[in-house]
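What follows is a short report on a single structure.
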């Protein structure tokens, strides 16, 4: 018998019990100390594993970068394809930004193991031009020429210097020439590769479930072995398609969906299970655009300024979006030097009063100009969309308080575009613009675009602003970008060509297990998936590096 055994045999039961308790405490203390040391010396990092169910509203029609038709198409292309910026090792301006040389990375491949070359880029651009896709992004490419320099290098030639060209490449996805070269473009939609594409992004399609009715219920995606960059942490994604948000949220509540995107907070109350959410600001805005040529009173800048000062935009955002939007005062609310008109209805009324706009017996302001008595009575047209109609009703209330009467005229969006917008037949129009690239106001505010199909809805014509917009586009090194944008926004603000209202957010809804999502400014919902390869479910601990 050993020495310790001898001692232990002479202990009383109480002493043995105490030794046992102290031994347990010592063991727990050692384990706790070990865990504390491990925690202090290690960090938690993402680990490959798990699967994700993504819900989308709509049906894919063309999972093809050349033939995109809807948001479902765009989201799948974002998951399956890499944009040209990601595929490139170098993007350099030449000729002062009128030409851009792009070099592909070495040894990058399609998901069928064929090499990606400059011929794929040239082929894609040719087909984009041939497709005449009416999405705004594709119109940019109609006047762009391309030259092949080598197997991995091409040169884009623009009609003028353009500093935002690298951002344009963030939404330029290429198709494989070896797949489509021998198929006429009009037959691409009939090809099996249109819905089961050979891709080059983080994922590839494993299975597409098409029901007998033709409805695509889901698509199974898996990691693309040939993807050249960081492989996604989540190796499997099932994309499920729904006719509307209500049916999607119903499946989220049942645990059949892990992540989806809402474009408003309207349906948040339908979510009944715990969830995480993130707001994604969108590079778009809604405003009341003013056509001064349609009403003599609107030519008076004091009237336009008073209309802006009389709006409580923060309250408007709360009433319409439950704060899921940004109150704005300019067409670039995401720019740091945005000018502002603080809510001040008293000052708005004083400006009108001091400039001869007096209240009549009906509470409407009027003024005699030449021989005519002009009243502040305006017609506000807008697309027949619920949140815009509610916005119009709010605007009517605000403006009535300072003596301006508004008649609200909702219209079918297509009818409005083909009639009022085309002829510029409106006094006030409540409408939205998506700014892409995110700091380029040229297509929306330059005087070149005051007539249809231009997007200058206020018919804004200011030579100083025109010059600034062109300078911004030419500023390849971005040396004067902040200064020129500040001056441009001040010009627009001081002229009051529109009453800027709000910029809504997208809301990313996820279950509690998904991590790694990053909030950033996006121009479309599919951009939320841009960093999906960094999303993760599983984690592990590794030792810290000093």
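The values are calculated or read from the model by the stated rules, or taken from the named source; none is laboratory data. All figures in this text were calculated on a predicted structure; none of them were measured in a lab. Neighbour counts run over all protein chains shown; Cβ positions are idealised from the backbone, glycine included.
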- Message: Test of understanding: among 24, 7, which residue is modelled with pLDDT of 80 or more and outside the structural domain of residue 234 (by TED's automatic domain parsing)?
- Response: 24
- Query: For the stretch 519-537, does any single residue satisfy the condition of being under 23 Å from residue 223 (Cα atoms), surrounded by fewer than 16 Cβ atoms within 10 Å (Cβ to Cβ) and touching a helix residue (DSSP H, G or I) at 6+ places or on another chain (Cβ under 6 Å)?
  - Reply: no
- Task: Mind telling me which of the residues 53, 47, 14 ends up being modelled with pLDDT of 75 or more and exposed (fewer than 10 other Cβ atoms within 10 Å of the Cβ)?
- Result: 14
- Note on the structure: Quick count over the stretch 103-116, residues being assigned to a loop (DSSP other than H, G, I, E, B) and in contact with a strand residue (DSSP E or B) (Cβ under 7 Å, 6 or more places away or on another chain), is 3
- Task: Starting from residues that are over 19 Å from residue 308 (Cα atoms) and out of contact with any helix residue (DSSP H, G or I) (no Cβ under 9 Å at 6 or more places or on another chain), keep the ones in the stretch 340-369 and report whichever is surrounded by the fewest Cβ atoms within 10 Å (Cβ to Cβ).
- Result: 361
- Message: Restricting to the stretch 214-249, name every residue that is more than 23 Å from residue 62 (Cα to Cα) and in contact with a strand residue (DSSP E or B) (Cβ under 7 Å, 6 or more places away or on another chain).
- Response: 231, 232, 233, 234, 235
- Some residue of the stretch 273-280 being surrounded by fewer than 18 Cβ atoms within 10 Å (Cβ to Cβ) and closer than 24 Å to residue 391 by Cβ: yes
- Which helices (runs of 4 or more DSSP H) sit wholly inside the stretch 431-542 and have at least 3 residues that are more than 19 Å from the chain's Cα centre (by Cα)? 463-474, 481-495
- Among (1) touching a strand residue (DSSP E or B) at 6+ places or on another chain (Cβ under 7 Å); (2) farther than 24 Å from residue 390 by Cβ; (3) assigned by TED's automatic domain parsing to the domain that holds residue 340; (4) buried (at least 16 other Cβ atoms within 10 Å of the Cβ), which single condition is residue 304 missing? (2)
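For the stretch 95-102, does any single residue satisfy the condition of being crowded, with 19+ Cβ neighbours inside 10 Å, at negative phi and touching a strand residue (DSSP E or B) at 6+ places or on another chain (Cβ under 9 Å)?
yes
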- Please report, ordered by residue number, the helices (runs of 4 or more DSSP H) entirely within the stretch 124-194 with at least 2 residues that are over 20 Å from residue 91 (Cα atoms). 136-139, 177-180
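Please work out if residue 496 is touching a residue at least 12 places away in the same chain (Cβ under 8 Å) and out of contact with any strand residue (DSSP E or B) (no Cβ under 7 Å at 6 or more places or on another chain).
Yes: the conditions hold for residue 496.
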- Task: Please tell me if residue 252 is within 20 Å of residue 58 (Cβ to Cβ), touching a helix residue (DSSP H, G or I) at 6+ places or on another chain (Cβ under 8 Å), surrounded by 19 or more Cβ atoms within 10 Å (Cβ to Cβ) and touching a residue at least 40 places away in the same chain (Cβ under 8 Å).
- Result: no
- Mind checking which residues of the stretch 56-68 are more than 22 Å from residue 128 (Cα to Cα) and crowded, with 20+ Cβ neighbours inside 10 Å? 56, 57
- Task: State whether the residues of the stretch 47-64 include one that is farther than 30 Å from residue 151 by Cα and assigned to a helix (DSSP H, G or I).
- Result: no
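Per-residue answers, yes or no, for (1) under 16 Å from residue 241 (Cβ atoms); (2) outside the structural domain of residue 130 (by TED's automatic domain parsing); (3) touching a residue at least 12 places away in the same chain (Cβ under 8 Å); (4) under 25 Å from the mean Cα position of the chain (by Cα):
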{"residue": "172", "(1), (2), (3), (4)": "no, no, yes, yes"}
{"residue": "176", "(1), (2), (3), (4)": "no, no, yes, no"}
{"residue": "180", "(1), (2), (3), (4)": "no, no, yes, no"}
{"residue": "193", "(1), (2), (3), (4)": "no, yes, yes, no"}
{"residue": "196", "(1), (2), (3), (4)": "yes, yes, yes, no"}
{"residue": "208", "(1), (2), (3), (4)": "yes, yes, yes, no"}
{"residue": "212", "(1), (2), (3), (4)": "yes, yes, no, no"}
{"residue": "215", "(1), (2), (3), (4)": "yes, yes, yes, no"}
{"residue": "220", "(1), (2), (3), (4)": "yes, yes, yes, yes"}
- Taking the stretch 66-102 as the search range and keeping residues that are assigned to a loop (DSSP other than H, G, I, E, B) and at pLDDT 95 or above, which one is farthest from residue 528 (Cα to Cα)? 98
